[in-house]
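Here is the structure we will look at.
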Amino acid sequence: MFVHTGIGGKLMKSLLLRFLRDESGATAIEYGLIACGIALALIAIMNKLGLTLVGIFTSLTNLLGPS
């Protein structure tokens with residue numbers, strides 16, 4: 001193992017510790033995950049709604065008969 005306790009080693013250690021404690025990007029990731037969840041829910045709802053509308057229009061077409 002390489003052990004370096006000089007100025008460069010202390011600087012790297014402080015930079016690494018500061019990087020590990022930094023949570024500034026966590027909020028953006030959380031908002032991204034929330035937006036992704038909402039988008040997936042909307043896709044599922046629109047898919048179900050689309051299938052329902054197809055069924056309604058098919059029933060109306062069959063009810064009216066050929067023109």
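A simple rule links phi to the HN-Hα coupling: the Karplus curve 6.51 cos²θ - 1.76 cosθ + 1.60 with θ = phi - 60°, which for segment 29-36 gives 5, 4, 4, x, 5, 5, 4, 5 Hz, with x for Gly and Pro. Label-to-label distance for Arg18 and Leu49 is 4.9 nm, based on points extended 7 Å past Cα in the beta-carbon direction.
Model label points for Leu40 and Leu60, set 7 angstrom from Cα along the Cα-to-Cβ axis, are 3.4 nm apart. Each Lys and Arg adds +1 at its Cβ and each Asp and Glu adds -1 at its Cβ; summed about the Cα centre, the chain shows a dipole of about 300 debye.
Since every read-out is calculated from the coordinates, none of them should be taken as a lab result. Here the structure is a predicted model, which means the values were calculated and not measured. All Cβ positions, glycine included, derive from the backbone under ideal geometry; neighbour counts span all protein chains shown.
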